1. Is there a residue being at pLDDT 90 or above, of a type outside the set (S, T, N, Q) and over 22 Å from the mean Cα position of the chain (by Cα) anywhere in segment 276-292?
2. Could you pull out the residue among Phe290, Phe260 that is more than 30 Å from Gln67 (Cα to Cα) and in contact (Cβ under 8 Å) with a residue 24 or more places away in the chain?
3. Please indicate, with yes or no, whether at least one residue in segment 59-67 is within 19 Å of Val249 (Cβ to Cβ) and not polar (S, T, N, Q).
4. Does Arg103 satisfy being under 29 Å from the mean Cα position of the chain (by Cα), in contact (Cβ under 8 Å) with a residue 40 or more places away in the chain and surrounded by fewer than 20 Cβ atoms within 10 Å (Cβ to Cβ)?
5. Would you say Ser306 is over 24 Å from the mean Cα position of the chain (by Cα), more than 30 Å from Tyr275 (Cα to Cα) and in contact (Cβ under 8 Å) with a residue 24 or more places away in the chain?
6. Taking the residues in segment 167-179 that are of a type in the set (A, V, I, L, M, F, W, C), surrounded by fewer than 17 Cβ atoms within 10 Å (Cβ to Cβ) and closer than 16 Å to Leu54 by Cα as candidates, determine which candidate is modelled with the lowest pLDDT.
7. Could you please find all residues in segment 1-25 being assigned to a loop (DSSP other than H, G, I, E, B), modelled with pLDDT of 70 or more and among the small types (Gly, Ala, Ser)?
Amino acid sequence: MTNILDLKSEPEFQLGGPSYRLMQRIGLIKPGSRSLLRRYIAFVLITWVPLLVLALLEGKALGPTPQESLLLDFATYARFLLAVPLLFLSEVIVGPRFRKAGRQFIEGRFIREQDLPIVEAAVLRTQQRREALLPELLMLVIGFSAPWILQMEDWAGGGAIISWRSGSGEALLGLSWAGLWYQCIAVPLLQFFMFRWLWRLVIWILFLHDLSRLDLRLVPTHPDRAAGLGFLGGAHLSLAIFPFAFSCVLSAHIAYQIYFEGVAIDSFRLLFVVYLVTMVVLILGPLLIFTPQLARARRRGMREYSLLANDYNRAFHQKWVSGPPPEDEPLLGSGDIQSLADLGNSFGFIRDMKVFPFSQQQILQIAIVSSLPGLPLIFLVMPVGELLQLLAGALL
């Protein structure tokens, strides 16, 4: 069978694109290296450091109120010092796993030989979408315009909230210099990198959609209980780094409200539940495009192995129960017994097969990873001594 892996095209999703090539040209990304630390430092120097310097010059670093103090804005720390490096780090966590998952469709021989040209065309479309200039231009436009749209909504509302981003009465557009840098440079860059990864996920989902339309060679008796497609759940598990990053920002914003504004932590319970459910659906939901094929494979496997079991069980019964036993073949140690057990196990695999290529354990893992940044909020409402006593009482 022709191996698509020998061809020049590869299902590469995260590397490349106009902005990636630009960072290579200006030396931000070295040849043969992802240069994650270099990019992170450059991003901090462009976003966070100017914010801090301008806030210091304007007296906004530690203002008269927490709202007017940049250094007390926990969410800003989380956005520029935690979320962005996690976005960069995702290139070495998510990207390679998606690439391996794309290759496994071929290595696992799920693709029929006559469908290999279709897969090759899908890989080429993936490359074209990744290298397209128009999507990244749209990301830039949205990234730079969205903060101002929100700002105009505040203006239309009759009065913006006083914060370290607010300027004096004669300030340009009602913003401090730190606020202008935040609106014009810092947030647009953050949103661009976020939209860039969202576009990568769309490219991956479109690739999976192309594969889901093929007649895949699924294996209903596969021990992963997903006809061999269980590797997709493992690949999508790596996407938990994104809700983790967003949860860092969300938890920082909630921490500010709890610590400085006295908001009860219980008031955020529903928000966290909705957030966790939404993240699980967004991460694993796209894999449901394989549900029709998995359901058909399960029905077909049940029918075929049921007929096989009928024939084999009748032959076994005739040979060892109703008919005279073979004189030259003792029952003890006969391979027929093991074959009967193996057939029963195979039928059990099909009966227990899922119609979605992920497990309940992976759902739980995504929920746990997404909620981890919220755990430190406990220390804001419960003293450390009481928390240690509670843990000791539970363990001892």
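The values are calculated or read from the model by the stated rules, or taken from the named source; none is laboratory data. Remember, predicted model here, so these are calculated numbers, not experimental data. Reconstructed Cβ throughout: ideal geometry from the backbone, glycine too, with neighbour counts over all protein chains shown.
1. Going residue by residue through segment 276-292, those that are at pLDDT 90 or above are 276-292.
Among the residues that remain, those that are also of a type outside the set (S, T, N, Q) are: 276-277, 279-290, 292.
If we keep only those that are over 22 Å from the mean Cα position of the chain (by Cα) as well, we get 292.
Looking through segment 276-292, at least one residue is at pLDDT 90 or above, of a type outside the set (S, T, N, Q) and over 22 Å from the mean Cα position of the chain (by Cα).
2. Numbers: Phe260 fails: more than 30 Å from Gln67 (Cα to Cα).
None of the other options fit; the residue is Phe290.
3. Going through segment 59-67, the residues within 19 Å of Val249 (Cβ to Cβ) turn out to be 66-67.
Applying the additional criterion that residues be not polar (S, T, N, Q) yields 66.
Looking for residues that are within 19 Å of Val249 (Cβ to Cβ) and not polar (S, T, N, Q), one finds at least one in segment 59-67, hence yes.
4. Details: under 29 Å from the mean Cα position of the chain (by Cα): yes; in contact (Cβ under 8 Å) with a residue 40 or more places away in the chain: yes; surrounded by fewer than 20 Cβ atoms within 10 Å (Cβ to Cβ): yes.
It is true that Arg103 is under 29 Å from the mean Cα position of the chain (by Cα), in contact (Cβ under 8 Å) with a residue 40 or more places away in the chain and surrounded by fewer than 20 Cβ atoms within 10 Å (Cβ to Cβ).
5. Working: over 24 Å from the mean Cα position of the chain (by Cα): yes; more than 30 Å from Tyr275 (Cα to Cα): yes; in contact (Cβ under 8 Å) with a residue 24 or more places away in the chain: yes.
Judged against the criteria, Ser306 is a match.
6. Within segment 167-179, the subset of a type in the set (A, V, I, L, M, F, W, C) is 171-173, 175, 177-178.
Within this subset, residues satisfying the condition of being surrounded by fewer than 17 Cβ atoms within 10 Å (Cβ to Cβ) are 171-173.
From what's left, closer than 16 Å to Leu54 by Cα: 171-172.
Numbers: Ala171: 55, Leu172: 59.
Checking each candidate, the answer is Ala171.
7. Within segment 1-25, the first condition is being assigned to a loop (DSSP other than H, G, I, E, B), and the residues that meet it are 1-3, 7-17.
Okay, now just the ones that are also modelled with pLDDT of 70 or more, so 12-17.
Result: Gly16, Gly17.
Residue-wise test of (1) modelled with pLDDT under 90; (2) in a helix (DSSP H, G or I); (3) in contact with a Phe, Trp or Tyr (Cβ under 7 Å, 6 or more places away or on another chain).
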| residue | (1), (2), (3) |
| --- | --- |
| Gly27 | yes, no, no |
| Ile41 | no, yes, no |
| Leu45 | no, yes, no |
| Pro50 | no, yes, yes |
| Leu62 | yes, no, no |
| Thr76 | no, yes, no |
| Leu81 | no, yes, yes |
| Phe98 | no, yes, yes |
| Phe105 | no, yes, no |
